[in-house]
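Read-outs throughout are calculated quantities, based only on the coordinates presented, and are distinct from any laboratory measurement. Model, not experiment: these values are computed from the prediction. Note: ideal-geometry Cβ built from the backbone for every residue, glycine included; neighbour counts use all protein chains shown.
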Amino acid sequence: MSTTETATTDAPTEDDREALRELPPSAKLVAKALEYNDQLTQSQLAEETLLPGRTVRYALNRLEEIGVVDARFSFTDARKRVYSLQTE
């Protein structure tokens, strides 16, 4: 690999980091929790971050708006959504 090529990783890009800097602390905390845990439901995120459910919902909406978080339906319970950080 030459010095001008960069390796592709799952780490956030500089654009992602810049977008995260503009978000409220709750969204940053939720993003960090998802970074440490591969995928979590909204209730698991609330438990992990000690944030109220409403705050977690707001944070997830903000993270989805900037394209940092992926959401999909849970295979074990279709009423729930599972969230994970978006990989490129």
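Quick look at the values:
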| item | result |
| --- | --- |
| 5 angstrom amide H check on Val82, placed H, neighbours 5+ away | Arg72, Phe73, Ser74 |
| Virtual spin-label span in nm between Arg72 and Tyr36, 7 Å along Cα→Cβ | 2.5 nm |
